[in-house]
Amino acid sequence: MRPRAKIEFWTDKKYYKNARKITIENGLDLKIRKVVAGKLRRYTNFTFITYLQNFDVVLKNIVDFFKTIGGLFQSFFRLVVNRPDVIFLKGGYVCLPVGVVAHILRIPYVIHDSDAAPGLTNRVLSKHAAKIATGMPLEYYNYPEDKAEWTGIPINPEFSPASEAKQKNLKKELGFDPEKPLVVVTGGSQGAQHINVSLREVLPEVLKITSLLLIAGRERYPEMLDLKDYETWEEGELKTNFRMIEFSAEMYKLFGAADVVVSRAGASTMTELSSMAKAVIMIPNEKLPGYHQVKNAAAYEKANAAVVVPDDKMFEEPELLYKAIKRLINHPEEREEISKNLKKFSKDNAAESLAQTIISVAKEEK
């Protein structure tokens, strides 16, 4: 039974238009409101001297500090006037002023961690959270057991395991030989330069052992157009075992067709791949704040749920990427073992589980 609820979605100015677009396209009756908030820019490869040499970064942090102060006052007046029963905080920097004010006003809130390494905002807010939902099993967090719950990460239900017959049909749909193995390489919607460039170096050798689909990304696609030389079409049919596209809104089909996926270690993508039980070669972005992709990858590697190739080492020695692909293509039993282990990180009905956690806190408040 669905509770009758009034829901508001708060976001910063940058994502406001996109949030409105999503709600309108999906027919959601949500009020979208802007929150003033600031971001703390931290870079893993920056030293104190580097920050001084890049004073624009320091200046932006100072400006954003005052934005956060403004967000505290803004959140205070909004929450006093329209006191909610519960607040759900996803962990971004917008959540900090809202969460701090919620604690002051004794409004319960639920936080959610997607990555194995909690971000700075969630580390600050976790102490006073009514409940803490996690995207990965609880063993990867240091949260109190009485407050933490593994809910998983909500994803599109179309990211589900494909049968052998369906996988072959998806390969055919993409233009590939359904009887040959297929590797799908993605660096995210915008693309990943290191992955693309490293693949370019070893592509001739890779294509000797497998078909390959490269999703180069919207931002990086123009830089990779030379690879179209490996892609030949005749009368609407793909005559080679390579194809490159810019982006796809139907990633579940591309992943479903794949025998091996080469990917970053972002939480949402890995949740999709774990739900589909895929054999994954993970190349974590090592330059993101908090090393969260590196920590995600370490958790999967320890559980033998992925093959991990360090980004910087791969960029220096692209042969590492080729060896990882060759290893999984030539050893189907290892692919199967990795996919089974990765599936253990999948949580069924994550959206429902997370919603029930939020609702339970709201009911306790009443």
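Set side by side, the residues I153, I209, I195 differ, and just one is in contact with a helix residue (DSSP H, G or I) (Cβ under 7 Å, 6 or more places away or on another chain) and either open to solvent by less than 30 Å² (accessible area, probe 1.4 Å) or of a type outside the set (V, I, T) (or both), which is I153. All of (1) at pLDDT below 95; (2) in a loop (DSSP other than H, G, I, E, B) hold for A351 with one exception: (2).
When I338, I358, I325 are checked against the criterion of being aliphatic (A, V, I, L, M), open to solvent by 20 Å² or more (accessible area, probe 1.4 Å) and part of a helix (DSSP H, G or I), a single residue qualifies: I358. Here no strands (runs of 3 or more DSSP E) wholly within segment 220-307 include at least 2 residues being aromatic (F, W, Y). Would it be correct to say that K166 is in contact (Cβ under 8 Å) with a residue 12 or more places away in the chain and open to solvent by 60 Å² or more (accessible area, probe 1.4 Å)? So K166 passes the test. Among the residues of segment 237-244, is any open to solvent by 20 Å² or more (accessible area, probe 1.4 Å) and of a type in the set (F, W, Y)? For segment 237-244, residues open to solvent by 20 Å² or more (accessible area, probe 1.4 Å) and of a type in the set (F, W, Y): absent.
Within segment 85-115, the set of residues being open to solvent by 10 Å² or more (accessible area, probe 1.4 Å) and aromatic (F, W, Y) comprises F88, Y93.
Scanning segment 341-355 for residues that are of a type in the set (A, V, I, L, M, F, W, C) and either closer than 19 Å to E158 by Cα or open to solvent by 70 Å² or more (accessible area, probe 1.4 Å) (or both) turns up L342, F345, A350, A351, L354. Residue check: V202 meets all listed conditions (1) out of contact with any Pro (no Cβ under 8 Å at 6 or more places or on another chain); (2) in contact (Cβ under 8 Å) with a residue 24 or more places away in the chain; (3) assigned to a helix (DSSP H, G or I) but one, namely (1).
So is D29 over 24 Å from the mean Cα position of the chain (by Cα), over 18 Å from V101 (Cβ atoms) and at pLDDT 75 or above or not? When the stated conditions are applied, D29 passes them.
When K278, K253 are screened for being in contact with a strand residue (DSSP E or B) (Cβ under 6 Å, 6 or more places away or on another chain) and open to solvent by 10 Å² or more (accessible area, probe 1.4 Å), only K278 passes. Report whether or not V309 is of a type in the set (A, V, I, L, M), free of Cβ contacts under 8 Å to residues at least 40 places away in the same chain and open to solvent by 20 Å² or more (accessible area, probe 1.4 Å). Against the criterion (of a type in the set (A, V, I, L, M), free of Cβ contacts under 8 Å to residues at least 40 places away in the same chain and open to solvent by 20 Å² or more (accessible area, probe 1.4 Å)), V309 does not qualify.
The values are calculated or read from the model by the stated rules, or taken from the named source; none is laboratory data. In this text the structure is predicted, and so the values were computed from the model without any measurement. Cβ sites come from the backbone with ideal geometry, for glycine too, and all protein chains shown count toward neighbours. Accessible surface areas use protein heavy atoms only, side chains included; no ligands, DNA or RNA. Shrake-Rupley method; radii C 1.70, N 1.55, O 1.52, S 1.80 Å.
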